[in-house]
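Colleague: Sending over a structure as structure tokens; questions will come in a sec.
Every number here is computed from the coordinates shown, using simple stated rules; none is lab data. Values in this document were obtained by computation on a predicted structure and should not be read as measured data. Positions of Cβ are backbone-derived with ideal geometry, glycine not excepted, and every protein chain shown enters the neighbour counts.
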Amino acid sequence: MSITKAIIPVAGWGTRRLPITKAIEKCMLPVGNRPMVDYVVRDCVAAGITDIYFVVGEQSEQLHAYYRDNPELTDYLVRNGKESLLPLIETPQVSFHYIVQPSYGKYGTAVPVDLAMPYIDEGESVLVVMGDDCLYNPGGESDIARLIAATPEGQSAILGVPIANDSIQAYGHIVADEQSNLVRIIEHPDPMPERFLKNVSKYVLSHEMLQAVSNYVAEEIDDGKEYYIFHPFQNVIENGSIMKVVPATGHYLDAGTTEGWLHANQIVLSSPAPETILGGQSS
């Protein structure tokens, strides 16, 4: 299945990471020498994505700056004999688009999909991944590429991360049938299984599923409630659509909490992937 567009929501305030996220956008928190979102972008590029639609907050500046060419820095490195560092600042070979999500109004993981719908062609399927977590493979393999490859034509797929039940309250439990098709997502299972696949909001969504998410956002729900992207999935599945469940193989890294961010840095810094931790010479 050919998927060329990705929606990456990055508009959250990062309240669990305050006060640092007052000054640094959550998706820009460093893991090794790269911001977390760059691992997501590189995985998308490895999977064949050509257009990335960032859904950003109104005050977002750092993300734009990171993916913008910097001629002055390039010139400085060349003039000072540091050409070996140029590959570290190359802009990924993908087209970036920025959609602003208002600070006031509806919020939740479904809202960015609705905002991006005008840029999606009729009948087109799209990758949707969050910008503050990723699946990290030191060997360079792409879990997103596996997700796309496993998606039946015209259908949807969800990436699940194997985990023990010690953190089950933080994530939805993916329930699949014998054909690895999604049956439902349970937010708080009871009893808790010893092992399960957790939902980390990494999807290929068919146009039918995208439209269902957009229609859901158009509804009015109780004040203060979030519009979760997976809530409309059940109705679409019950009407005959398929959402394939694909187990992830990489390390799950999450910058959304201090503990998760520290773990992410520990994994990356201990991996045999020097380009992610390379430090430049002092200026």
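Colleague: Given the DSSP H assignment, sum -39500 (n - 2.57) over each helix run of at least 4 residues in the chain and divide by its residue total; what's the result at 222 nm in deg cm²/dmol, nearest 500? Walk me through the intermediate numbers first.
Modeller: Working: 8 runs with 69 residues, N = 283.
After summing the helix terms and dividing by residue count, I get -7000 deg cm²/dmol.
Colleague: Only one of the listed values, (i) 16.9; (ii) 21.3; (iii) 15.9, was derived from the coordinates as mean projected area of the Cα convex hull in nm²; which label is it?
Modeller: The calculated read-out lines up with (iii).
Colleague: Quick one: which residues, 5 or more positions from Tyr252 or on another chain, have an amide H under 5 Å from its amide H? H modelled 1.01 Å from N in the peptide plane, none for Pro or chain starts.
Modeller: Tyr136
Colleague: Specify, per residue and in Å³, the volume enclosed by the convex hull of the alpha carbon atoms belonging to region 1-106. Mind showing how you got there, number by number?
Modeller: Numbers: hull volume 14.0 nm³, N = 106.
About 132 Å³ per residue, rounded to a whole number.
Colleague: What's the longest piece of the chain with no exposed GluC sites (Glu not before Pro), counting a site as exposed if DSSP puts it in a loop and it has at most 11 other beta carbons within 10 Å? Mind dumping the intermediate values first?
Modeller: On the way: sites that count: Glu58, Glu61, Glu90, Glu122, Glu153, Glu178, Glu194, Glu219, Glu220.
Looking at the chain, 221-283 is the longest stretch - no exposed GluC sites (Glu not before Pro) with at most 11 other Cβ atoms within 10 Å.
Colleague: Restricting attention to the alpha-carbon atoms of region 83-129, what are Rg (one decimal) and Dmax (integer), both in Å?
Modeller: Just the Cα atoms of region 83-129 yield Rg and Dmax of 15.8, 47 Å.
Colleague: If amide H atoms are built 1.01 Å from N in the plane of the peptide, which residues on other chains or at least 5 residues away come under 5 Å of the amide H of Gly160?
Modeller: Val246, Ala248
Colleague: Oh, and also: Please report the relative contact order for the chain, taking Cα pairs under 8 Å with a sequence separation of at least 6, and give it as a percent rounded to a whole number. Can you show the working numbers first?
Modeller: Details: 501 pairs, mean separation 71.9, N = 283.
It rounds to 25 percent for the chain.
Colleague: Within 13 Å, Cβ to Cβ, of Asp75, how many net charges do the neighbouring residues add up to if Lys/Arg are +1 and Asp/Glu are -1? Kindly include the intermediate steps, with their values, before the conclusion.
Modeller: Numbers: positive: Arg79, Lys82; negative: Asp69, Glu72, Glu83.
With Lys, Arg at +1 and Asp, Glu at -1, the neighbours total -1.
Colleague: Contour minus end-to-end for Leu262 and Asp177, with contour as 0.36 nm per residue of separation and end-to-end as the Cα-Cα distance? Each step should come with its number before you reach the end.
Modeller: Values: separation 85, 0.36 × 85 = 30.60 nm, distance 3.51 nm.
That pair, Leu262 and Asp177, stretches by 27.1 nm at full extension.
Colleague: Let me ask something else. If I stretch the segment between Asp69 and Glu83 completely, what's the gain in nm (0.36 nm per residue apart, minus their alpha carbon distance), one decimal?
Modeller: 3.5 nm
Colleague: Could you estimate the translational diffusion coefficient of region 18-66 from the Stokes-Einstein equation, with Rh from the Kirkwood formula over C-alpha pairs, at 10 °C and 1.306 mPa s, in whole µm²/s? Show your work: numbers first, answer last.
Modeller: Numbers: Rh = 11.8 Å.
Rounded to a whole number, D works out at 134 µm²/s.
Colleague: Residues with beta-carbon under 12 Å from that of Val128, excluding Val128: net charge, scoring Lys, Arg +1 and Asp, Glu -1?
Modeller: Working: positive: Lys5, Lys202; negative: Asp114.
Computed value for this residue: +1.
Colleague: List the residues, sorted by chain then number, that are 5 or more residues from Phe196 or on another chain and whose placed amide H is less than 5 Å from its amide H.
Modeller: So Phe196 has HN proximity to Ile163.
Colleague: Same structure, new question: Provide, for the chain, the number of lysine pairs with alpha carbons under 23 Å apart, each pair being eight or more places apart or on different chains.
Modeller: 14
Colleague: What is the pair-distance distribution P(r) of region 96-162, computed from all Cα-Cα distances in 5 Å bins starting at 0, with each bin given as a whole percent?
Modeller: Histogramming region 96-162 at 5 Å steps yields 3, 11, 20, 21, 21, 13, 8, 2, 0 percent.
Colleague: Any chance you could check the Cα centroid distance between region 96-163 and region 42-57 for me, in angstrom?
Modeller: 9
Colleague: A follow-up question, please. Using the Karplus curve 6.51 cos²θ - 1.76 cosθ + 1.60 with θ = phi - 60°, work out ³J(HN,Hα) for each residue of region 28-35 in order, rounded to whole Hz, and write x for Gly and Pro.
Modeller: My calculation for region 28-35 gives 9, 4, x, 10, x, 9, 10, x Hz in order.
Colleague: Given the options Leu73, Leu85, Leu210, which has the most mean-square fluctuation in a GNM of the chain, springs set between C-alpha atoms less than 10 angstrom apart?
Modeller: In this elastic network of the chain, the residue with the biggest mean-square fluctuation among Leu73, Leu85, Leu210 is Leu73.
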